[in-house]
1. Restricting to segment 75-107, give me the number of residues that are more than 14 Å from E58 (Cα to Cα) and of a type in the set (S, T, Y).
2. Sort out for me the helices (runs of 4 or more DSSP H) sitting completely within segment 17-76 that have 3 or more residues that are modelled with pLDDT of 95 or more and exposed (fewer than 15 other Cβ atoms within 10 Å of the Cβ).
3. Quick one: would you say A91 is part of a strand (DSSP E or B), modelled with pLDDT of 95 or more and exposed (fewer than 14 other Cβ atoms within 10 Å of the Cβ)?
4. Just checking, does segment 120-131 include any residue being of a type in the set (V, I, T), in a helix (DSSP H, G or I) and either loosely packed, with under 15 Cβ neighbours inside 10 Å or at pLDDT 95 or above (or both)?
Amino acid sequence: MTSTRPAADAVDILPANAQVDALVQLSFRVHQILGKIGAEQDLSVVQIRMLGVLRDREPSMLALAGHLGLDKSSTTGLVSRAEKRGLVQRARDPHDRRSVTVSLTAHGRALVNACARDVEREINGLVAPLPDHARRQLVRHISEILAPPGDG
């Protein structure tokens, strides 16, 4: 059986768009992992992303929409469906009565923690062939790529 990964020295002779291809392929693979794990829990990738955002914050509906890159009406529908499943709850913001915040319920927290463990296992398996120093370097480079402009 042959590997689908290019030889390490072959990367040096790849065309100029190799970084684009590599990053797009990686994003496809991560999306595939999220889709598989979500399907096991009857969740879409967007629902998994929403639950992930809510793991460490209780944003307003507007802020949640911003985190997810969705418009307000799409976010409202997403939250409503999750609320019906008992995964999230809405509450008036005590500091701004016009605003509504979203938070995980105990059931939602248990589900997102289980999904996070599965995602961690799959992603760790994906990078397992890399030596430790390369994984540390990968994390450093990804952090640099994702840092907001002006943070460097």
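1. Residues in segment 75-107 being more than 14 Å from E58 (Cα to Cα) and of a type in the set (S, T, Y): 3 in total.
2. The qualifying helices (runs of 4 or more DSSP H) are 18-40.
3. yes
4. yes
The values are calculated or read from the model by the stated rules, or taken from the named source; none is laboratory data. The shown structure was predicted, so the numbers you read here are calculated from the model rather than taken from an experiment. In this analysis, Cβ positions are derived from the backbone assuming ideal geometry, glycine residues included, and neighbour counts consider all displayed protein chains.
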